[in-house]
Amino acid sequence: MAFLSKSFSGGIHPPEHKKLTEFFKIENCPPPEEVVVPVQQHIGAPSRPIVEKGDAVLIGDPISESGGFVSVPSHATVSGTVKTVEPRPHPLGTKVLSVVIENDSENKWRQDVGFDSSYQELDKKEILRRIQAAGIAGMGGATFPTHVKLSPPPDKKIDTLIVNGAECEPYLTSDHRLMLEETEKILRGMQILVRVLGAKTGAIGVEKNKMDAVKALRQKIAELNLPYKVYALHVKYPQGAEKQLINAIVNRRVPAGGLPMDVGCVVQNVGTAAAVYDAVVYNRPLIDRVVTITGNGINKPQNMLIRIGTPFSHVFEQCGGLKENAGKVIMGGPMMGLAQSNLDAPVIKGTSGLLVLNEKQSHRQEEQPCISCAHCVDACPMGLMPKMLGQFVKYERFDSAQAYNILDCIECGSCAFVCPAHINLVHWIKYGKLKVIQKQKKAS
Amino acid sequence: MDPVFLSSILTLGGLGLLFGAGLAYAAKKFAVYVDPKVEQIIEALPGANCGACGKPGCSAYAEAVVKGETPPNMCSPGGADVTEKIARILGVKAEATEPKVAVVQCQGGRAEAVEKYAYEGVQDCSAAELIGGGSKACSYGCLGLGSCVKACPFDAMYMSDNGLPVVFEEKCTACNICVTTCPRGIMALIPRSQKVYLACVSQDKAKAVKSVCTVGCFACKICVMPKVTPDGSIEMNENLPVIKNIHSDNLYTAYDKCPSKSYVIRIPRPEPEIVEDTVSAESQS
């Protein structure tokens, strides 16, 4: 009954696999003996480390400062001593400058973290300052610095704040659990966000496969007497993509090459809303996040609250270890997540899940010739023609690819998922985007 | 004669004459003046349209040279020969550039370098680098998917069985295309007279290099020691040695002393002392 519930055109419905973890409460993951906190956990300029080997730090102490406007600091996530500052493995696959902190197991917080009763009177500037100082970057996985999204240029009027609880990636349930367990925090965070943006209203979008979360949110909204609406959305991937969510909820289309603010919207993840509440009301920096550890290759799938900087290997130990047939570890969901090559890489601000696939699920099938079935065209939520883009890139016709709007691709992976010829469409398109951008830079 | 023949010969012949006259007139009337020098230079150029000169093709380069926008020694595939020809056509003196050759500054093939994951994606180095920075554990090393080989317009490269590109020096024209194609900056142009070059671009520290590659330079600094290169022909720049004097014979000593065998000999050493040694050793035993 797709026409009855709100959605967008295109998209796919991969198997959900959410049953693995959806009923498990969020557990606390004991902090490891050593955390590795990278200075780059967000999109934008890397932050600059401000601690040195031997420095004593408390939980919440900043260990790096913003490297610009589009940048956020990182914080100590355990108390102890700084062991070293050096490049360490990062979930992106490369080595990134990281602060390694030895945990003294005393769990001491810095002094100024605590309830601030005056938060209702804070002005907009101070709220934004607190959000940046707390190191908050989009927690849905894209890790775009939140304070930047909340400071649109004055000529863009924002009327609607949309909070994203769609969680359309298969397997992941961290946002789902957060909506059930931290309902009030999310709504209070939303209040702050609406105030900062000067928006008229707020809306929450949740996919229909999480009706318990929809009910909990609606109940809490009634209890707190808030003017927000909760939308139960059609279960379809990528429902949680910014532009698709706006299309589904307020029925506006973000123009090609544009941003949500061009249609008067700002989208924030539920995790971000909760973190904003903590940052503004408790002055508490972002030092941990909810992560779904799931998949057929892990012994005890569950949802955990994990300190940022905890190595994946430590997390897996807490979940009963990897199964013998484990084949591939992915940070994030199976559609857009990043395959990992080193389990020493740490949990970062954008780690929504750790998915362990078994050997059988891990391999790609061989690419075969395109039969022009156009399944990918039907599936593309952006209305692009992935088949054409893929072929243009393959034959190095980057001008044509640009004319077919290759830069509008959101890399959701729907086209590659439906392709019966197993063509690596997203990879071709990503490569094409790189070449087109390089060409543009050269020309300018 | 049959009148049919006569009439058809007259008609067709007449038409031919008419069109011929028309074409002759049009050729005079709409003629575009081309500097004969441009044509002569196009004639002299190799015609590969490789773009090494920075122009979109040979004819564009010829025009630019005649206009004086570019110096006449920019055609590296043509080399000194072509430079001289162009200079003669233009009636100027041109400084011949030192002929160069492309080299692969990485020896970490499948056997030597560690892979961090199995790559099954698009077979292109730039594309592979998008996936977690490429499958090589060394973040400086050759990704081995042969983008440079595919890009070479002179067929002067091939991929070895060990997964590394190899340059046919005789065919290489130093057109620079492999250098700009490589996403890792492993290809470089060096003077043809350079005897020894360093085949590693890793700026990592010793421990990091050793853990990922058996032939990577780990900055032990032996090659810059006065014992090895007393003339200072090699200097350290952060974690990599840089060859300052390409003609020094001490570079051969550096090659011998290098514990990781990161240097490569292009031109065999003049006095084959080592060969004599082995011969005498064999005769003794």
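The values are calculated or read from the model by the stated rules, or taken from the named source; none is laboratory data. In this text the structure is predicted, and so the values were computed from the model without any measurement. Cβ atoms come from the backbone with ideal geometry, glycine included; neighbour counts cover every protein chain shown. For accessibility, only protein heavy atoms count, side chains too; no ligands or nucleic acids. Shrake-Rupley method; radii C 1.70, N 1.55, O 1.52, S 1.80 Å.
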Original post:
For region B:36-90, what is the accessible area per residue in Å², given a 1.4 Å probe and the full set of protein chains?
Top reply: 51
**OP:** Distance between Cα centroids, region B:38-109 to region A:385-442: provide it in whole Å.
**Re:** 35
Original post:
For a label point 7 angstrom out from the Cα of B:V166 toward its Cβ, which stretches of region B:126-158 have the backbone nitrogen within less than 19 Å?
Top reply: B:142-158
**OP:** Pop a pseudo-label 7 angstrom from the Cα along the beta-carbon direction at both B:D231 and B:V92 and give the gap in nm to one decimal.
**Re:** 3.5
Original post:
For the protein assembly as shown, what % of the accessible area comes from carbon and sulfur atoms, probe 1.4 Å?
Top reply: 54
Original post:
When the helix-only estimate is applied to the protein assembly as shown (DSSP H runs of n ≥ 4, each -39,500 (n - 2.57), divided by the residue count), what is the mean residue ellipticity at 222 nm, nearest 500 deg cm²/dmol?
Top reply: -9000 deg cm²/dmol
**OP:** Estimate for me the total accessible surface buried between chains B and A (protein heavy atoms, probe 1.4 Å, no ligands or nucleic acids), in Å² to the nearest 100.
**Re:** 1200
**OP:** Please sort through the DSSP H helices of chain A and keep those with an alpha-carbon extent of at least 15 Å along the long axis and a Kyte-Doolittle average not below 0.0.
**Re:** A:183-197, A:211-224, A:270-282
Original post:
Between rounded, prolate and oblate, where does chain A land on the alpha carbon gyration tensor, with a ≥ b ≥ c its root eigenvalues, rounded for a/c under 1.5, else prolate if a/b exceeds b/c?
Top reply: rounded
**OP:** Find how much the distance from A:I50 to A:C373 grows on full extension, using 0.36 nm per residue of separation minus their present alpha carbon separation; answer in nm with one decimal.
**Re:** 110.8 nm
Original post:
Among A:393-403, A:118-128, how do they line up from the highest to the lowest mean number of other beta-carbon atoms within 10 Å?
Top reply: A:393-403, A:118-128
Original post:
Which shape class applies to region A:88-140: rounded if a/c is under 1.5, otherwise prolate when a/b exceeds b/c and oblate if not, where a ≥ b ≥ c are the square roots of the Cα gyration tensor eigenvalues?
Top reply: oblate
Original post:
Given a Förster radius of 51 Å and the C-beta distance between B:A118 and A:K156 as r, what FRET efficiency does 1/(1 + (r/R0)^6) yield to the nearest 0.05?
Top reply: 0.65
**OP:** Compute the long axis of helix B:58-67 from its Cα atoms, compare it with the longest principal axis of the Cα atoms of chain B, and write down the angle in degrees, 0 to 90, nearest 10.
**Re:** 80
**OP:** Identify unpaired cysteines across chain B, taking unpaired to mean no other cysteine Cβ lies under 4.7 Å from the residue's Cβ.
**Re:** B:C53, B:C58, B:C75, B:C125, B:C138, B:C152, B:C172, B:C182, B:C213, B:C220, B:C223, B:C258
**OP:** Using the 4.7 Å Cβ rule, please list in number order the cysteines from chain A without any candidate partner.
**Re:** A:C29, A:C168, A:C265, A:C319, A:C370, A:C373, A:C380, A:C409, A:C412, A:C419
**OP:** Quick one: grab the alpha carbon gyration tensor of region B:23-129, order the square roots of its eigenvalues as a ≥ b ≥ c, and give me rounded if a/c is under 1.5, else prolate or oblate depending on whether a/b is larger than b/c.
**Re:** oblate
**OP:** Using only alpha carbon pairs under 8 Å that are at least six residues apart, calculate the relative contact order of chain A and give it in whole percent.
**Re:** 19
**OP:** Compute the signed sum of charges (Lys and Arg +1, Asp and Glu -1) over the other residues within less than 12 Å, Cβ to Cβ, of A:N247.
**Re:** +4
Subject >> A:E184-A:I410 pseudo-label distance in nm [points 7 Å out on the Cα-to-Cβ vector] >> reply: 3.4
Subject >> Residue mean of other protein chain beta carbons inside 10 Å, B:121-133 >> reply: 6
**OP:** Take peptide A:335-344, look around each residue's Cβ out to 10 angstrom, count Cβ atoms belonging to other protein chains, and average those counts.
**Re:** 2
Subject >> Whole-number accessible area per residue in Å² for region B:193-270, which is evaluated in the context of all protein chains at 1.4 Å >> reply: 50
Original post:
In the neighborhood of A:S71, defined by Cβ-to-Cβ distances under 15 Å, what is the net charge if each Lys or Arg adds +1 and each Asp or Glu adds -1?
Top reply: +3
Original post:
When Lys and Arg each count +1 and Asp and Glu each count -1, what net charge do the other residues less than 10 Å away from A:V276, Cβ to Cβ, add up to?
Top reply: +2
**OP:** Under 19 Å from a label point 7 Å along Cα→Cβ of B:T214: give me every residue in region B:131-155 with its amide N that close.
**Re:** B:136-139, B:141-144
Subject >> Surface per residue (accessible, 1.4 Å probe) for chain A, Å² >> reply: 43
Original post:
Roughly how crowded by other chains is peptide A:360-373, in terms of the mean Cβ count from those chains within 10 Å of each of its Cβ atoms?
Top reply: 1
